[in-house]
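*Asks:* Below you'll find the structure I mean.
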Amino acid sequence: MIVKETKLKGCFTLTPKLYNDERGYFFESFNKQSFEEAIGKKINFVQDNQSLSYKGVLRALHYQIGEYAQAKLVSVLKGSVLDVVVDLRPNSHTFGEHLSMELSEKNRKQLFIPKGFAHGFLVLSNVAEFFYKCDQYYNKEAEGGIIYDDPDIGIDWEFPKDQLILSEKDKTLPLFKNRRL
């Protein structure tokens, strides 16, 4: 596994070593010991989530606050997505900055998102199965969000705005400057 820190401190891409032959492929998708050594901290994932979404579905930008803040390891099992994270850590040198990258069944990349980040993704393929490990249980009272098209963040979703499919909740999320702390 190749692990590289992104421009956002504490946020890492993980690219597995794929073993292909006439039968198909094999790769190790997670190894706690290797993972913790690579990122330099202990992580105890306690909840796995999986979603299926269709082309144009935008699930963004969500986070948990306080003791329920979540670190996540995300990947795509089928299809492809544009995955986006926003640094919400006030003392970070990259506070308010974002990172976008494609995660797909072809590149098999994973993204480790530390606590203190908002996260979202846009489905680029006809269908996508998205998988994520969380180090904290979901708590509805601790959820927060930021509107996907916040001008201060300036995310280019690389998709026609009139073709985006959002939940009613995601359409009414606050601006970055008005986010829940």
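*Asks:* Applying the selection to the range 7-21, what residues are farther than 18 Å from Ser34 by Cα, in contact (Cβ under 8 Å) with a residue 24 or more places away in the chain and surrounded by fewer than 20 Cβ atoms within 10 Å (Cβ to Cβ)?
*Replies:* Correct list: Lys7, Lys9.
*Asks:* I've got another one for you. Among the numbered conditions (1) farther than 17 Å from Tyr132 by Cα; (2) at pLDDT 95 or above, tell me where Ser34 comes up short.
*Replies:* Here Ser34 meets the rest and fails (2).
*Asks:* Okay, moving on. Name the residue that is surrounded by the fewest Cβ atoms within 10 Å (Cβ to Cβ), counting only residues in the range 142-181 that are touching a residue at least 40 places away in the same chain (Cβ under 8 Å) and assigned to a helix (DSSP H, G or I).
*Replies:* Out of the qualifying residues, it is Gln163.
*Asks:* Within the range 55-105, track down each residue that is out of contact with any strand residue (DSSP E or B) (no Cβ under 7 Å at 6 or more places or on another chain) and of a type outside the set (Gly, Ala, Ser).
*Replies:* Matches in the range 55-105: Glu67, Tyr68, Arg89, Pro90, Asn91, His93.
*Asks:* Of all residues in the range 90-104, how many are more than 19 Å from Gly145 (Cα to Cα) and not polar (S, T, N, Q)?
*Replies:* Qualifying residue count for the region: 4.
*Asks:* Residues Asn91, Asn44, Asn126, Asn49: which one is without any contact (Cβ under 8 Å) to a residue 12 or more places away in the chain and not small (Gly, Ala, Ser)?
*Replies:* Only one candidate passes the filter, namely Asn91.
*Asks:* Under the condition of being over 19 Å from Asp156 (Cβ atoms) and polar (S, T, N, Q), which residue from the range 74-133 is surrounded by the most Cβ atoms within 10 Å (Cβ to Cβ)?
*Replies:* Across the range 74-133, the extreme among qualifying residues is Gln110.
*Asks:* Restricting the search to the range 95-108, which residues are part of a loop (DSSP other than H, G, I, E, B) and closer than 17 Å to Ala71 by Cα?
*Replies:* Scanning the range 95-108 gives a single hit, Phe95.
*Asks:* Would you check if Gln47 is exposed (fewer than 15 other Cβ atoms within 10 Å of the Cβ) and under 16 Å from the mean Cα position of the chain (by Cα)?
*Replies:* Here the answer is yes, as Gln47 does meet what is asked.
The values are calculated or read from the model by the stated rules, or taken from the named source; none is laboratory data. Since we're looking at a predicted model, the values are computed, not measured. With ideal geometry, Cβ positions are generated from the backbone for all residues, glycine too; neighbour counts draw on all protein chains shown.
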